[in-house]
Amino acid sequence: MTPFVKPIVLAGSALTLLATFQMAVSYLSTNFISNSYATLFAMTSWLFHLGQPVYSSIQTQAPYSMPYGPYGYMIVSCFQQALGPSVFSSKLAPFLVTFGSLIFLYLALRTRLGWLGALALTALANTLTLPFEPLQYWPRPDTFLLFAISGGLWASTRREVWGPIMLGFFIGFAVDLKVHAFVPFLLPIAVAWRNNKYFGPWALAGLVAVVTAFLPFAWPNISILDYLRILKMDSNTMFLDASAIHYVEWCSILFLIGLSPLFANKWQAGETTASLWRNSDLWGPLLLSFLLESYPACQIGPNHLMPLIPVVIFLAAHFFADISRKPFLQRTPNWVGLSMVISVVLFTGLYALFSDVVELRDLGPKDILAKERIKDIEQIYNKRMPCVLLNASGSVGTYQDDYFYRVILLFNGMPVGIDPTASMDYKYFGKREPDLPSFIAELKSRYNERIVWICAKDTVPFSHPSYFAPYSPVFSDKFIDDFHHYFELSGHTACFDLYEEKSN
């Protein structure tokens, strides 16, 4: 590499990682949790600590469970228990795991490239995750999946007997997070098989994977039967929407990135074919991974491809290491390699900095609003107690912001209530909506206190539409009529409308 290119690559990679680090720190320091599913994830983690079921029965009046395995909840719960239930403690584990993923990926790439190349590709991998909302910072399974897959890649490069065994642990951990999470491990398994083809370590690796995957279900409040029922409910529906075309686009982009080093040989067909043939046992499993991920990715969105990014980057590093020793690469004009390197560095660096600016611009107003509303909730809580204080989600325009405050109520000893995100999913999967009179009866029998609902000021309780087409309201007219039959607007605070039980 030309000498002046090295400082450019180093500076660009460092700026990229620093920009995303600042973004993650900024999100960690805010007083809210983005995304309703991330909020429900934090709530379920605290419920695990309280000894309540992680997987509520689908027959209950107020189900709240999601089709995710228990490890993520357990890890977040450990931080909540150690530091106390808070927004910060709920987000700390994903924050740490995010950078653990980058460390594992760098170590895996370092076995194929020099330190600078490994650093640049790690920065590129991190940048490729940014368009996914960014899921890698939220308390959701995706964060821990990136960690497991990056760790699995590192384990697959170990030549000693512990390589397959550690890979088995990461596979079991990932499958426990999402049942189909074994798919991105097809390439790491192929890499590990190259390094160790003895039966003994692989048999032990299989045992470690199974034990790791099933171990959490030994806890009394983690029911494998209820988890399987939720998975069955979740798998009963298949649809294709606009996200399907985005899936194809992302597949094409990511797969081409994995093969991109082959384009540096000036289309020397013979050498390209030979390299492809030599490594068919690696890119073949990756292609199969894309095909197998098509079901969840087309069903929910291309974010299901995010765990494949470390695998794609590792394949690119492997191809680069494979061809860099070949004489034909020396015939490639220097300006081709220089332009490719500088273009990638500029793209990743500028995109990361742009994302950082956009994220910080959006975080500021949300953080100010969150502080105001949390203070308002504390005042309501102190003034109205004893009562059962619940959150009634508002209209679509404020739904994501309104939903977050449910976790504040839960941390203060309140029940989950009727969860709109879970209700939306359960309704989509053909389950009945909660029956409000029966739910009220359950609360009365358990707490024997009056019920108070808070709703974002000047919004209509339980009025937001579903995320799923045809985007009809989550709650029926009957549910809303029942709500107004039992509750009435009783007052206002700075940020919320209050609905209390009607006096008989």
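The values are calculated or read from the model by the stated rules, or taken from the named source; none is laboratory data. On a predicted model such as this, the values are computed, not experimentally measured, just so you know. When we count neighbours, we look across all protein chains shown, and the Cβ atoms used for this are built from the backbone with ideal geometry, even at glycine. Only protein heavy atoms, including side chains, enter the accessible area calculation; ligands, DNA and RNA are left aside. Shrake-Rupley method; radii C 1.70, N 1.55, O 1.52, S 1.80 Å.
Determine the gain in length on full extension of the stretch residue 88-residue 25; use 0.36 nm per residue of separation and subtract their C-alpha separation, reporting nm with one decimal.
21.6 nm
In debye, nearest 20, what is the charge dipole magnitude of the range 78-196 about its Cα centre with +1 on Lys and Arg Cβ and -1 on Asp and Glu Cβ, if you could check?
With only Lys, Arg, Asp and Glu charged at Cβ, the dipole is about 260 debye.
Between residue 276 and residue 159, what FRET efficiency follows from the Cβ-Cβ distance if R0 is 22 Å, with the result rounded to 0.05?
0.35
Using 7 Å Cα-to-Cβ label points, what is the residue 494/residue 458 separation (nm, one decimal)?
So the label points at residue 494 and residue 458 sit 1.7 nm apart.
Go ahead and run the numbers for FRET between residue 449 and residue 214, Cβ-Cβ distance against an R0 of 35 Å, rounding to 0.05.
Details: r = 40 Å, r/R0 = 1.13.
It comes out at approximately 0.30.
Looking at the square roots a ≥ b ≥ c of the eigenvalues of the Cα gyration tensor of the range 1-44, which shape do they give, rounded for a/c under 1.5, prolate if a/b is larger than b/c, or oblate?
Verdict is prolate for the range 1-44.
Where a Cα-Cα gap under 13 Å defines reach, which aspartates and glutamates qualify for residue 502, not counting those fewer than 8 residues away within the same chain?
Partners within reach: 482, 488.
If I ignore ligands, DNA and RNA and count only protein heavy atoms, how much of residue 208 is accessible to a 1.4 Å probe, in Å² to the nearest 10?
About 40 Å², ignoring ligands and nucleic acids.
Note the full-extension length gain between residue 115 and residue 378 as 0.36 nm times their separation in residues minus their Cα-Cα distance, in nm to one decimal. Don't jump to the answer; show the numbers that get you there.
Details: separation 263, 0.36 × 263 = 94.68 nm, distance 5.06 nm.
In short, 89.6 nm is gained.
Between residue 81 and residue 362, what FRET efficiency follows from the Cβ-Cβ distance if R0 is 30 Å, with the result rounded to 0.05? Working shown, then result.
Numbers: r = 31 Å, r/R0 = 1.02.
The pair residue 81/residue 362 has a calculated efficiency of 0.45.
What aspartates and glutamates sit close enough to residue 178 to cross-link, taking a C-alpha to C-alpha distance under 18 Å and skipping anything fewer than 8 places away on the same chain?
142, 226, 234, 293, 425
What figure, in Å² to the nearest 10, do you get for the accessible area of residue 283 with a 1.4 Å probe and non-protein molecules left out?
70
At a 1.4 Å probe, what is the % contribution of carbon and sulfur to the accessible area of the range 83-196?
73
Classify the range 196-236 from the C-alpha gyration tensor, please: rounded if a/c falls under 1.5, else prolate or oblate depending on whether a/b exceeds b/c.
oblate
Leaving out ligands, DNA and RNA but keeping every protein chain, what accessible area does residue 502 have, in Å² rounded to the nearest 10, with a 1.4 Å probe?
80
Rank 484, 180 by accessible area, highest first, at a 1.4 Å probe radius?
Accessible-area ranking of 484, 180, largest first: 484, 180.
Lysines within cross-link reach of residue 371: Cα-Cα under 18 Å, excluding same-chain residues under 8 positions apart?
Once the sequence-local lysines are set aside, what remains near residue 371 is 91, 457.
Please label the shape of the range 349-464 as rounded, prolate or oblate, based on the square roots a ≥ b ≥ c of the eigenvalues of the alpha-carbon gyration tensor (a/c under 1.5 means rounded; beyond that, a/b larger than b/c means prolate, else oblate).
oblate
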